[in-house]
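What follows is one structure encoded as structure tokens, with my remarks underneath.
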Amino acid sequence: MSLFSFGKKVKLYAPVDGTLVDLSTVAADETGFAVTPDRHHIFSPITGTVSALIPEQRAIKLSTGKLDVLLKMGSNMSETPATYVHEGDQVTPETPLAFVDQEQANENNEDTTVMVIVDNAAEHAKGLKLSTSGQVSHDQEVATVVAK
């Protein structure tokens with residue numbers, strides 16, 4: 001019997017055009033994936049609701065059902081990304097959430113990797129399965145999570 005036989009399947013999309021990378025290279029002990037961006041605009045990785053804006057962590061928390069997905073934009077950037085959304089907004093993978101100045105970040109040698117982390121995976125997810133690798137576009141499905 002497959003790990004993904006039961007529970008609601010939640011599709012996760014690439015939040016930005018770029019290269020899919022192993023999340024463990026940028027955030028150990030987390031469930032999700034990361035993308036090294038080629039573009040400025042960051043989109044929602046799920047269909048759901050904006051549940052929190054966390055500017056000090058350069059992050060946006062999204063929720064769908066019982067799953068919380070944390071979208072972290074860069075790990076050492078000096079500038080906070082400009083956000084286009086507010087708490088309570090409904091979003092889809094076509095919804096732009098934020099803008100990151102790639103040129104400035106690259107000039108400053110800053111990491112702009114965008115991480116998609118299932119924040120409460122231990123409590124509410126049975127697993128995550130990546131469906132692709134390499135180059136991705138912001139509206140491309142890249143993973144599936146099965147909710148408990």
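Derivation of every value follows stated rules applied to the coordinates shown; laboratory data play no part. Bear in mind that the values here come from a model prediction, so they are computed numbers and not experimental data. Every residue, glycine as well, gets a Cβ built from its backbone with ideal geometry; the counts of neighbours run over all protein chains shown.
Simple spin-label model, 7 Å along Cα-to-Cβ: residue 123 to residue 84 in nm?
Label-label distance for residue 123 and residue 84, simple model: 3.1 nm.
Per residue of segment 40-50, what does 6.51 cos²θ - 1.76 cosθ + 1.60 with θ = phi - 60° give for ³J(HN,Hα)? Whole Hz please, x for Gly and Pro, Karplus curve as stated.
8, 7, 10, 10, 5, x, 9, 9, x, 10, 6
Choose one of 47, 31, 60: the residue whose Cα lies farthest towards the positive end of the charge dipole of segment 19-93 (beta-carbon charges +1 Lys, Arg; -1 Asp, Glu; about the Cα centre).
47
Calculate one ³J(HN,Hα) per residue across segment 112-128 by plugging θ = phi - 60° into the Karplus curve 6.51 cos²θ - 1.76 cosθ + 1.60, and present them in order as whole Hz with x for glycine and proline.
9, 3, 9, 9, 10, 10, 7, 5, 10, 4, 4, 8, 10, 10, 8, x, 10
Per Stokes-Einstein, at 25 °C and 0.890 mPa s, what whole-number D in µm² s⁻¹ belongs to the chain, with the Kirkwood radius over Cα pairs as the hydrodynamic radius?
Values: Rh = 15.1 Å.
This corresponds to a translational diffusion coefficient of 162 µm²/s.
Counting each DSSP H run of 4 or more residues in the chain as -39500 (n - 2.57), what helix-only mean residue ellipticity at 222 nm follows after dividing by all residues, to the nearest 500 deg cm²/dmol?
It comes out at -1500 deg cm²/dmol, rounded to the nearest 500.
Compare the peptides 138-145, 30-37, 122-129 by average per-residue count of other Cβ atoms within 10 angstrom and give them in order, highest first.
30-37, 138-145, 122-129
Want the number for residue 75 to residue 140: 0.36 nm per residue separation, take away the alpha-carbon distance, what's left?
Between residue 75 and residue 140, full extension yields an extra 21.1 nm.
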